[in-house]
Amino acid sequence: MTKLIFLGAPGAGKGTQAQILSENLGIPHISTGEILRNAIAVETPLGIKAKSYVDNGDLVPDELILDLIKERLGQEDALGGWILDGFPRNVPQADFLSNLLQELNQVCNGVINFDVPDHVLLERLLSRGRKDDNEATISNRLQVYHQQTAPLIDYYEKHQLLINVNGDRELSQISEELETIVKS
Ligand code: ADP
């Protein structure tokens, strides 16, 4: 499997695992959160528009994200595989991705869902200390996750792409399981 979506709440560990696995597989790790944080840091037009949403822990409007994903997946290094981390985050984004992959003649091989209880997420986010990791923003991000992103679990289950992984374990245990999954 080389075309993977990583799904999970903020703090579920998707980013860390995506980084490890993308290096092992030699495929790009595409994190929309990271792209947005970079854009905000260097004040590109995208960054300027996205800043207040990211600071509040709200989803950035779809129109800011969709073009960006289309451009990124169309790049040469993404032809042989990718890990999408933080996208899609709602049903319209998932529908867009499904159409885009058809256009690009690609298929997603699996959606890894990182399952972690809320109280563990909260602890992890509070100790992580990123700029958008303060208490008010965190509780909003968890709420946004449950309302807008968690429905994608059913969505991908119906598409027979969902693979559940227990994310409440040691990093290395999770990485090992992921290695096994992608080789199967
Ligand atoms: P986390 O896993 O902690 O939510 P991310 O790095 O994935 O962190 O995302 C950080 C922020 O970037 C989100 O709170 C949201 O504001 C914005 N963001 C990232 N990806 C998307 C997306 N696909 N659609 C809308 N907003 C997004």
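Conditions tested, residue by residue: (1) over 25 Å from Leu104 (Cα atoms); (2) free of Cβ contacts under 8 Å to residues at least 12 places away in the same chain; (3) open to solvent by 30 Å² or more (accessible area, probe 1.4 Å).
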position: Leu46; (1), (2), (3): no, no, yes
position: Glu71; (1), (2), (3): no, yes, yes
position: Ala78; (1), (2), (3): no, no, no
position: Trp82; (1), (2), (3): no, no, no
position: Phe87; (1), (2), (3): no, no, no
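Scan region 68-114 for residues that are within 13 Å of the ligand (Cβ to nearest atom) and on the phi > 0 side of the Ramachandran plot and the total you get is 1.
Residues in region 28-67 that are more than 11 Å from the ligand (Cβ to nearest atom) and not in a helix (DSSP H, G or I): Pro28, His29, Val42, Glu43, Thr44.
Those residues that are touching a strand residue (DSSP E or B) at 6+ places or on another chain (Cβ under 9 Å) and surrounded by fewer than 20 Cβ atoms within 10 Å (Cβ to Cβ), I need them from region 1-19; list them, please. If the condition is that a residue be touching a strand residue (DSSP E or B) at 6+ places or on another chain (Cβ under 9 Å) and surrounded by fewer than 20 Cβ atoms within 10 Å (Cβ to Cβ), then Met1, Thr2, Lys3, Gly15, Gln19 are the ones that fit. Among the numbered conditions (1) under 24 Å from Gly167 (Cβ atoms); (2) open to solvent by 50 Å² or more (accessible area, probe 1.4 Å), the only one that Ser52 does not meet is (1). Residue pairs whose Cβ atoms lie under 6 Å apart, separated by 6 or more positions or on different chains, with the first residue in region 120-147 and over 23 Å from Ala41 (Cβ atoms) and the second of a type in the set (Phe, Trp, Tyr) and within 12 Å of the ligand (Cβ to nearest atom), do not occur.
When region 115-140 is filtered for residues that are near the ligand (Cβ under 10 Å from one of its atoms) and open to solvent by less than 30 Å² (accessible area, probe 1.4 Å), the ones remaining, listed by number, are Leu121, Leu125, Asp132, Asp133, Thr137, Ile138. In the set Val42, Val91, only one residue is under 15 Å from the mean Cα position of the chain (by Cα), open to solvent by 40 Å² or more (accessible area, probe 1.4 Å) and modelled with pLDDT of 95 or more; that residue is Val91. Within region 143-170, the set of residues being over 15 Å from the mean Cα position of the chain (by Cα) and more than 21 Å from Asn56 (Cβ to Cβ) comprises Asp154, Tyr155, Glu157, Lys158, His159, Gln160, Leu161, Asn166, Asp168, Arg169, Glu170.
The values are calculated or read from the model by the stated rules, or taken from the named source; none is laboratory data. This structure is a prediction, so every number in the text was calculated from the model and none was measured. Cβ atoms come from the backbone with ideal geometry, glycine included; neighbour counts cover every protein chain shown. Quick note on the areas: whole protein, heavy atoms, side chains included, nothing else; ligands and nucleic acids left out. Shrake-Rupley method; radii C 1.70, N 1.55, O 1.52, S 1.80 Å.
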